[in-house]
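The values are calculated or read from the model by the stated rules, or taken from the named source; none is laboratory data. Given the structure is predicted, the values throughout are model-derived calculations rather than measurements. Backbone-built Cβ (ideal geometry, glycine too); neighbour counts: all protein chains shown.
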Amino acid sequence: MNDRYDGYSGSYSGDASNTSDQYELVGYDEYGQPVYRQVPQQPAQYEYPQAPQGQGYGYDPYATGQQPPVPSYDTYDPYGAGAPAQQGPPPSYDPYGAGAGTGQQRVEEQTATAHIPAQAAPRTEPAARERDGAPEYRTEQFSFVEEPDENSEDVIDWLKFTESRTERREEARRRGRSRVVALVVVLVLCVTGGVGYLWYAGELPGFGAADSGKGAADTAGPQNRDVIVVHLHNTKGGGTSTALLVNNTTTKQGTTVLLPNSLALTDDEGSATTLGKSVDGDGSSGTRDAIDTVLGTDVEGTWRLDTPYLNNLVELVGNIDIDTNADVPDPAAKSGKKATSPLVKKGKQQTLSGPMAVAYATYRAPGESETAQLMRFGQVMQGVLRKLSSDPHAATVTVQSLAQILDPSLGEKDLGAFLAKLADRAKGGDYKTALLPVQQDGTLSEQATDSVVKDVLGGTVKNPGKDASVRVGIKNATGVKARTEKARVTLVNGGYTFVDAGTGSAPQAASQVTYQDADRKQDAVEVAKTLGLPTSAVRKGKTVANADVSVVLGQNYTGGQ
């Protein structure tokens with residue numbers, strides 16, 4: 001009774017050898033699990049005449065040929081297989097996909113339906129592939145392998161490369177445009193600044209009016225001058241030569257002012273003396289102060305240059321080239337011997353060594369005036385400045401190489417820097433040599449006062465401090481020479497600085513006391529009282545360049561007699 005009847009010709013479902021032939025895939029449940037059913041066996045009494053005997057419904061998953069037609073038991077075909085060639089009468093609807101039969105057969109089919117262990121869902125192939133009759137494969141027969149597409153990576157890399165390259169090109173173009181704009185701006189500023197500087201300096205062509213106006217402003221306005229005094233001592237022949245080295249930083253002009261030894265000065269005690277005597281007697285400090293008093297300038301330092309040091313200086317700069325105006329014999333040649341060729345020949349652009357430069361600077365021919373020798377000294381100094389380095393450090397090294405003991409008022413670095421500035425002026429052609437003209441008595445003439453003291457040395461721009469003594473220039477127009485000395489003694493005793501302004505060309509009856517600046521009016525009144533002159537003689541007018549108050553002694557001045 002427990003034996004189960006199998007109405008099909010197939011074997012029992014528990015037969016493992018026939019398991020693959022007894023089950024077919026029906027579909028997937030709501031959880032995605034495959035559902036199989038047992039393949040029903042067609043009994044002989046239910047088969048249609050046209051169906052072949054012994055053929056069951058199902059498929060061979062490994063077959064490659066076309067399946068023979070079988071009777072249709074269900075309208076559901078999960079793989080879309082074609083309909084059989086001959087179709088019998090359609091069976092009644094079976095919701096479980098079972099064929100027509102007895103009720104016992106239906107129960108048998110339900111019990112035969114089973115779940116196979118979970119497997120991966122089959123990959124749905126395109127319908128076109130099924131229609132083409134391509135072979136079908138089950139999921140477990142192959143696996144999918146994603147192979148990297150090198151071409152796609154190359155394309156991405158190429159896109160990145162082209163994009164970055166384009167960005168770099170655009171950035172390079174932007175930088176190039178920025179640089180061009182910056183360069184144009186710099187060029188415009190340079191051109192504008194250069195033109196403006198040339199216009200301001202008065203060197204722009206076509207602007208003559210501006211040039212003349214600028215020159216007038218430079219002459220009229222205050223100017224800055226650096227001044228040192230040089231004393232050349234002839235250690236063999238004796239005598240001294242004095243010159244002022246002036247660097248006008250306002251007009252960019254350098255000048256050597258030659259001072260004759262006969263220039264009248266006043267010593268520390270207020271006594272009259274000459275420049276030559278002051279150099280030998282008062283020394284550098286006293287002479288410098290006396291020059292300041294007479295010329296109304298501010299000498300910053302003293303440079304004592306003995307002839308051996310001048311010789312070494314010329315050798316250090318590599319000889320000098322100047323235009324000589326005389327044949328200079330060799331000082332070392334003994335007298336009485338046959339005349340030899342001169343040590344220095346007269347001519348243009350003569351090259352002078354150290355000994356030749358010393359001989360030329362100190363040479364004074366018989367019967368020549370002192371000014372001729374001074375002019376030769378000035379030529380040598382200008383030639384040295386043209387060969388000296390314009391670099392302050394290099395010029396200082398040259399000064400240090402002389403190994404001389406300098407005056408405390410002027411150190412090696414200060415002297416080197418000062419000479420470097422003058423060397424720059426000399427090389428640029430902005431250098432000249434001027435002689436301070438003096439009269440026979442050593443006093444300054446009006447020509448000297450206007451041309452040299454005022455224009456070159458700037459004596460009028462000196463502003464003594466409140467505690468400084470007033471400089472009083474005395475011109476003797478009494479006709480009596482001795483009265484100048486009386487006026488000098490009176491002024492010195494009164495605390496004033498005496499300045500000898502020379503002698504008048506003709507006697508003058510009344511004395512005059514003149515001041516130029518309004519703040520000097522009271523000083524002029526006090527000077528008149530000190531000299532015993534009436535205050536009515538005081539008036540505003542032009543004074544000598546090196547004095548604060550000018551006095552012209554007339555015949556009404558008796559000198560206290």
Q. Among the residues of the stretch 398-407, is there at least one that is buried (at least 19 other Cβ atoms within 10 Å of the Cβ) and of a type in the set (Gly, Ala, Ser)?
A. no
Q: Sort out which residues of the stretch 489-515 are within 60 Å of the chain's Cα centre (by Cα), of a type outside the set (Val, Ile, Thr) and farther than 18 Å from Thr535 by Cβ, and write them in order of number.
A: Gly495, Phe498, Asp500, Ala501, Gly502
Q) Can we say Thr530 is hydroxyl-bearing (Ser, Thr, Tyr) and modelled with pLDDT of 90 or more? A) yes
Q: Within the stretch 509-536, count every residue that is farther than 19 Å from Arg488 by Cα and assigned to a loop (DSSP other than H, G, I, E, B).
A: 3
Q. Would you call Gln508 surrounded by 15 or more Cβ atoms within 10 Å (Cβ to Cβ) and either in contact with a helix residue (DSSP H, G or I) (Cβ under 9 Å, 6 or more places away or on another chain) or of a type in the set (A, V, I, L, M, F, W, C) (or both)?
A. no
Q.
Val155 - would you say it is outside the structural domain of Gln253 (by TED's automatic domain parsing), surrounded by 10 or more Cβ atoms within 10 Å (Cβ to Cβ), at pLDDT below 80 and among the β-branched types (Val, Ile, Thr)?
A. yes
Q) Is the stretch 537-544 home to any residue that is modelled with pLDDT of 90 or more and in a helix (DSSP H, G or I)? A) yes
